[in-house]
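The values are calculated or read from the model by the stated rules, or taken from the named source; none is laboratory data. This structure is a prediction, so every number in the text was calculated from the model and none was measured. Here the Cβ positions follow ideal geometry from the backbone for every residue, glycine too, while neighbour counts run over all protein chains shown.
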Amino acid sequence: KAGVTQTPRYLIKTRGQQVTLSCSPISGHRSVSWYQQTPGQGLQFLFEYFSETQRNKGNFPGRFSGRQFSNSRSEMNVSTLELGDSALYLCASRVGGPSYEQYFGPGTRLTVT
Amino acid sequence: GESVGLHLPTLSVQEGDNSIINCAYSNSASDYFIWYKQESGKGPQFIIDIRSNMDKRQGQRVTVLLNKTVKHLSLQIAATQPGDSAVYFCAENLGGGADGLTFGKGTHLIIQP
């Protein structure tokens, strides 16, 4: 079974631009979560989608948004990029039940200049 | 501050020895705990999980211990191998699919030959 895939793997953007990242979960997984990883703050939860609905949300500004499609694929969008948004953005999928056994993709490395 | 934290940022062990990585958590309502391993350039890899109604769980070469009295979690790796070199994160969740995972900062495990 293929793992979680994320595209693109690397991205360089300019401050003020917006960016869209994509995640394809493991087949059969209906829940997709997004995390931001930085050296200073570590891994921080952004939001979770299940069956095309945002189920949980972390403590991030409204510039960070996401969506999930009927095939469980998910995208996250960051508008009006700031230098501090430079990070590794990780997507994780799980079946969607009470277990939080989730599997991560390799991440998208976003650099904002 | 973070509700989940690790005691040591770096742990160096001899190949073949046992490794113990510690984690403290502060949310007594947390119901579910996970250990992840992250190698350079990769996303976190699920190692083992434990629910709050258990105090010990074993996997292949790994054991997780949970002490709810002192809100402490540990990961024991038996007969440490070079491939165990990575950053190890503990994470907690309130259970029931709520609020994503809260991760600790991570411990870098270094294996000495």
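Here is how the numbers come out for the structure above:
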read-out	value
Some residue of region A:86-108 being more than 14 Å from chain B (Cβ to nearest Cβ) and either under 24 Å from B:Glu92 (Cα atoms) or touching an Asp or Glu at 6+ places or on another chain (Cβ under 9 Å) (or both)	no
Residue in region A:29-45 that is nearest to A:Arg67 (Cα to Cα), counting only those that are free of Cβ contacts under 8 Å to residues at least 40 places away in the same chain and more than 7 Å from chain B (Cβ to nearest Cβ)	A:Gln44
Some residue of region B:44-54 being among the aliphatic types (A, V, I, L, M), closer than 24 Å to A:Ala87 by Cβ and free of Cβ contacts under 8 Å to residues at least 60 places away in the same chain	yes
Selection count where residues are over 14 Å from A:Ser86 (Cβ atoms) and touching a Ser or Thr at 6+ places or on another chain (Cβ under 6 Å), scope region A:17-56	12
Subset tally (residues that are farther than 14 Å from B:Gly106 by Cβ and not hydroxyl-bearing (Ser, Thr, Tyr)) for region B:76-91	8
Candidate set from region A:5-50 (those that are under 13 Å from the mean Cα position of the chain (by Cα) and among the aliphatic types (A, V, I, L, M)); member that is surrounded by the most Cβ atoms within 10 Å (Cβ to Cβ)	A:Val32
Search result, residues across region B:74-89 that are modelled with pLDDT of 95 or more and in contact with a Phe, Trp or Tyr (Cβ under 6 Å, 6 or more places away or on another chain)	B:Leu75
Selection within region A:11-32 - assigned to a strand (DSSP E or B) and farther than 15 Å from A:Val78 by Cα	A:Ser24, A:Ser31, A:Val32
The listed residue being among the aliphatic types (A, V, I, L, M) and in a strand (DSSP E or B), out of A:Leu81, A:Leu46	A:Leu46
Members of region A:31-53 found to be out of contact with any strand residue (DSSP E or B) (no Cβ under 7 Å at 6 or more places or on another chain) and not hydroxyl-bearing (Ser, Thr, Tyr), listed by number	A:Pro39, A:Gly40, A:Gln41
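A quick yes/no check of all residues on (1) away from every other protein chain (no Cβ under 14 Å); (2) of a type outside the set (Gly, Ala, Ser); (3) out of contact with any His (no Cβ under 8 Å at 6 or more places or on another chain):
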{"site": "B:Gln45", "(1), (2), (3)": "no, yes, yes"}
{"site": "B:Ile50", "(1), (2), (3)": "no, yes, yes"}
{"site": "B:Arg57", "(1), (2), (3)": "no, yes, yes"}
{"site": "B:Lys71", "(1), (2), (3)": "yes, yes, yes"}
{"site": "B:Val87", "(1), (2), (3)": "no, yes, no"}
{"site": "B:Thr102", "(1), (2), (3)": "no, yes, yes"}
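Yes/no matrix, rows are residues, columns are (1) surrounded by fewer than 17 Cβ atoms within 10 Å (Cβ to Cβ); (2) in contact with a Gly (Cβ under 6 Å, 6 or more places away or on another chain):
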| residue | (1), (2) |
| --- | --- |
| B:Thr10 | yes, no |
| B:Gly16 | yes, no |
| B:Ser19 | no, no |
| B:Phe33 | no, no |
| B:Gly43 | no, yes |
| B:Gln58 | yes, no |
| B:Val62 | no, no |
| B:Leu66 | no, no |
| B:Cys90 | no, yes |
